[in-house]
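Please treat every number below as a calculation from the coordinates, not as lab data. Keep in mind that what you see is a predicted model, and the values were worked out from it rather than measured. Don't worry about glycine lacking a Cβ; one is built from the backbone with ideal geometry, like all the others, and counts go over all protein chains shown.
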Amino acid sequence: MADRDVEQLTAADARAEWERLAAKVARANLAYHREDAPEISDAEYDALKQRLALIEARFPEFAVGSPTGQVGAAPSETFAKVTHAVRMLSLENAFADEDVADFAGRVRSFLNLTDDAPLAFTAEPKIDGLSLSLRYEAGQLVQAATRGDGEVGENVTENARTIADIPKALSGAPAVLEVRGEVYMSHADFAALNARQAAAGEKIFANPRNAAAGSLRQLDATITAARPLRFFAYSWGEVSAPLARTQMDAVGRLREMGFQVNPRTQLCRTTAELLTVYGEIEQARASLGYDIDGVVYKVDDLALQARLGFRSTTPRWAIAHKFPAELAWTRLEAIDIQVGRTGALSPVARLTPVTVGGVVVSNATLHNEDYIAGRDAKGNLIRDGKDIRIGDWVQVYRAGDVIPKVADVDLSKRPEGALAYVFPRQCPECGSDAVREEGDAVRRCTGGLICPAQAVEKLKHFVSRGAFDIEGLGARQIEMFFADDQLPVREPAEIFTLAARDATNITKLKNRDGFGEKSVTNLFQAIEDKRKIPLNRLIFALGIRHVGESAANLLARNYGTWAAFESAMTAAHVGEGPEWAALTAIDGVGDVLAASVVNSFHQAAERASIDRLVAELEVQEVAPPRTEGSPVAGKTIVFTGTLEKMTRAEAKARAEALGAKVAGSVSAKTDLLVAGPGAGSKAKEALKLGIETIDEDAWLRLICA
């Protein structure tokens, strides 16, 4: 496979090749940066990373955690772990002016503000660096941690202490203060560092962001001290006393305490002002002296930020307006079909490699068959109705600098005889019929578990970070075990019988290539450690269509235990019965999602696979929210009619934060109905069932809002 052209690799082969190369680069990084004993030449190292980059250009999803985005040895297994007191979240992205207007509109809608009500935002450059959280207690720096997965980061305290921009002691700070910001390297310092590296015959760094990330995450703090790192502060986590009433003033407080804050941060009172600042920062981008990739907007009033709260991974009160995707024209050489874990047939454009935004791109998503044909899912024309054909000259862009897409087609350069693309009606992996159901934007393989592509992708999903996250059992290992005849893993339950089956095998896993006694012991222990699993993670890990992490959390909160969830799904029937009514009454669970879950539990093969898995596990309840003293904890609440002092979305968020369940319809399980003006059938049903009903004012008094 190492000799095959990257463009010829299937998705499975590309993943295996990527894993092989990534392991070699990781080993080379350890030997070079930690042990000072290089095992391969710079030329061979560069060739490995270049091939990795080509694979990632075709499959951008592989790039998460890749050595191509790191410098030096990754210290994740050596640094102590830090659990953030307040999660470090990512930001929602905006790519167009309309997205910014939509963001402002959503904020106003959530807060029930009219269009003419005053609402200020801050706008600041989005630094392209590495996120860092600094914890101060009694004014002293006691801990520094990387973002990690948002909940748990790496302890880099000693390294952070070497950065001149980071104060070791603060005056006038609250007793507890977590300052958050970005570690970066200026263009001038980056050039000087590379010059020193070159003069010393050492490795040249690829870009300032990677250099900064690798420098901060060094095992030896003296190496970090020798690197010209800088720090911009822009937010905070846990704080024992408020810094100020507004974002702008709070950042000012950080500046007074001795932190560097971005001088281009501005206060804006309209969407037009936000876009004006965006344009100014974009025009100045090349002269700033450090890398940025957009502008971040935040609601200025901190009380409003608190009301807006958070989604599962992003705050509602902030958004990152990314700079425009960069464009390039190239030739479309082929269209390949990839099959995902839900059976979706996804078309991928294979391109003559072209540089887009500093990255070599050789593949792009084509979404689905409608997109190729020049129309959207509703039949409306896109690209003026121009279809996409093999051999076409196409315009490629990288939306948000992440996933390459085909934006346009130059018909004047279309080759003679180019035929319209015919989307396959059979799965290219197993030959089963590929059907498109009414209302579905994609065509799906009907093979289910007999389709190897679906089976292996479901297993990869099962061990992914948001699911079971089993250390040492990644995509490469899953593919190996899936194809193994002696020690196969073809369904999730077989992961947990792996050690027992290995014990009875003549050929032990520890004696196979790529394994050893220690690595096998660690793998089996990692598997054992995941026999205890929270309910929400298990539901997400099952890979049921339409059930992402948020939906899994929603289902887990509402059913509480695996026994209750399994019993309800077994008894439920699509479109009828009390269990179906209870499922669809959950606010946020629609008919499509509900049907997908119920059908999974009623398909014999899939249900048997689930039962075998659960027999190997101890499923834990999801920890309930902290609701000490909450008057509505554990109660099921329904909102109806018009709420005048807060929006329905805010009311729901407040109720859930207090430990209540919010349902969309009234039933015998409803504890409380909050009815505003215009309440209709729900109020009548509540009266009929004898359910307590209160108005919005009483609701606000109840929750002390």
Taking only the alpha carbons of the stretch 86-155, what extent do you get along each of the three principal axes, in Å, biggest first?
45, 29, 21
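Compute the semi-axes of the equivalent ellipsoid of the stretch 92-322, taking the square root of 5 times each eigenvalue of the Cα gyration tensor, and list them largest first in whole Å.
32, 22, 15
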Please give the FRET efficiency for ALA188 paired with SER90, using the beta carbon to beta carbon distance and R0 = 30 Å, rounded to the nearest 0.05.
0.55
Any chance you could check the Cα centroid distance between the stretch 431-478 and the stretch 598-645 for me, in angstrom?
24 Å
In nm, what is the difference between 0.36 nm times the number of residues separating GLU517 and GLU158 and their Cα-Cα distance?
125.8 nm
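Let me have the 222 nm mean residue ellipticity of the chain computed from DSSP H runs of 4+ only, each contributing -39500 (n - 2.57), with the sum over all residues rounded to the nearest 500. Numbers along the way, then the final one.
Numbers: 24 runs with 241 residues, N = 705.
The helix-only estimate for the chain comes to -10000 deg cm²/dmol at 222 nm.
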How would you rank 677-689, 85-97, highest first, on the average number of other Cβ atoms within 10 Å across their residues?
85-97, 677-689
Cα Rg, Dmax, the stretch 236-318, angstrom units:
14.2, 39
With R₀ set to 25 angstrom, the calculated FRET efficiency between the beta-carbons of LEU449 and GLN8, to the nearest 0.05, is 0.30
In the set [x] -0.32, -0.58, -1.41; [y] -0.43, -0.73, -1.25; [z] -0.41, -0.76, -1.77, which value of log10 I(q)/I(0) by the Debye sum over Cα atoms at q = 0.06, 0.08, 0.12 Å⁻¹ was calculated from the structure you see?
[z]
Treat each spin label as a single point 7 Å out from the Cα along the C-beta direction, and report the LYS645 to ALA499 distance in nm.
5.6 nm
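Given Cα pairs under 8 Å that are at least 6 residues apart, what percent is the relative contact order of the chain?
Details: 1269 pairs, mean separation 68.3, N = 705.
Normalised by residue count, the contact order of the chain is 10 percent.
Only loop residues by DSSP count here, and only those with at most 14 other Cβ atoms within 10 Å; note down the chymotrypsin sites (Phe, Trp or Tyr not before Pro) in the stretch 599-705 that meet that. Walk me through the intermediate numbers first.
Numbers: sites: PHE601, PHE639, TRP699; in loops: none.
Filter output for the stretch 599-705: empty list.
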Extension gain, ALA563 back to ILE390 (0.36 nm per residue minus Cα-Cα distance, nm):
57.1 nm
So for the stretch 327-413, what percent of the C-alpha to C-alpha distances run longer than 21 Å?
27 percent
Once both labels are modelled 7 Å past Cα along the beta-carbon direction, what's the LEU702-GLN140 spacing in nm?
4.8 nm
So which cysteines of the chain have no other cysteine's Cβ under 4.7 Å from theirs?
CYS268, CYS704
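Helix check for the chain. Which DSSP H runs span at least 20 Å along their own axis by Cα, with a mean Kyte-Doolittle hydropathy no less than 0.0?
Numbers: long enough: 11-29 (26 Å, -0.52); 42-58 (24 Å, -0.51); 97-111 (22 Å, -0.19).
Helices passing the filter in the chain: none found.
Which of the pairs LYS203/LYS530; LYS81/LYS635; LYS126/LYS405; LYS413/LYS458; LYS49/LYS386; LYS298/LYS530 have their Cα atoms more than 32 Å apart in this structure?
On the way: LYS203/LYS530 39 Å; LYS81/LYS635 36 Å; LYS126/LYS405 23 Å; LYS413/LYS458 41 Å; LYS49/LYS386 37 Å; LYS298/LYS530 38 Å.
From LYS203/LYS530; LYS81/LYS635; LYS126/LYS405; LYS413/LYS458; LYS49/LYS386; LYS298/LYS530, over 32 Å: LYS203/LYS530; LYS81/LYS635; LYS413/LYS458; LYS49/LYS386; LYS298/LYS530.
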With a 10 Å Cβ neighbour count serving as the proxy for reagent exposure, in which order, fewest first, do THR222, THR157, THR627 appear?
THR222, THR627, THR157
